[in-house]
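Asker: I'd like to ask some things about the structure below.
Only the coordinates and a few stated rules stand behind these numbers; no lab work does. Source: prediction; values computed, not measured. With ideal geometry, Cβ positions are generated from the backbone for all residues, glycine too; neighbour counts draw on all protein chains shown.
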Amino acid sequence: VQLQASGGGLVQAGGSLRLSCTVSGQTTNNYNMGWFRQAPGKEREFVGTLTWLAGGIPTYAEFVKGRFTISRDYGKNTVYLQMNSLKPEDTAVYYCAATRFFTALSADRGYDLWGQGTQVTVSS
């Protein structure tokens, strides 16, 4: 199973980006999908997660609530992170991750599959 994150880039503050995480080698139907980010000199931090359960409600870090939205397209085996009202402090490498388990979904250790990351830079 491989995860491929894409969609990063340079955007002005207040702008939007949509990141994609495409899973190959396995259906995402029974994977919980998470997004994390790591800014220079900082530890990787949780952004949000979406379980595979029917009617699963996304969970977000407090600092992205109301601005970021996670969704998934089962037909395309892809999970999205829609980022609106971007701020310079959102600048980071964004990673998608996957797991079949339900433990520690807001922490790195909760995931056993990771994508390579995509750079998001927000200018002021």
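Asker: First select every other residue whose beta carbon is under 12 angstrom from the beta carbon of Val120; then total the charges, Lys and Arg +1, Asp and Glu -1.
Answerer: On the way: positive: Arg18, Arg37, Lys87; negative: Glu89, Asp90.
Summing Lys and Arg as +1 and Asp and Glu as -1 gives +1.
Asker: Placing +1 at every Lys and Arg Cβ and -1 at every Asp and Glu Cβ, with all other atoms neutral, what dipole size does segment 1-84 have around its Cα centre, in debye to the nearest 20?
Answerer: Its charge dipole is roughly 100 debye.
Asker: Once you list every other residue whose beta carbon is under 13 Å from the beta carbon of Ser16, what net charge do they have if Lys and Arg are +1 and Asp and Glu are -1?
Answerer: Result for the local shell: +2.
Asker: On average over all directions, what projected area in square nanometres does the chain have, based on the convex hull of its Cα atoms?
Answerer: 6.9 nm²
Asker: Please state the equivalent ellipsoid semi-axes for segment 4-58: what are the square roots of 5 times the Cα gyration tensor eigenvalues, largest first, in whole Å?
Answerer: 24, 14, 13
Asker: Something else about it: Segment 28-124: which chymotrypsin sites (Phe, Trp or Tyr not before Pro) are DSSP loop and have at most 13 other beta-carbon atoms within 10 angstrom?
Answerer: Details: sites: Tyr31, Trp35, Phe36, Phe46, Trp52, Tyr60, Phe63, Phe68, Tyr74, Tyr80, Tyr94, Tyr95, Phe101, Phe102, Tyr111, Trp114; in loops: Tyr31, Trp52, Phe101, Phe102, Tyr111.
Of the chymotrypsin sites (Phe, Trp or Tyr not before Pro), the ones in loops of segment 28-124 whose Cβ has at most 13 other Cβ atoms within 10 Å are Phe101, Phe102.
Asker: Further question on the same structure: Treating only the Cα positions of segment 46-98 as identical point scatterers, give the base-10 log of I(q)/I(0) from the Debye formula at each q in 0.13 Å⁻¹.
Answerer: Log-scaled intensity ratios, in q order: -0.33.
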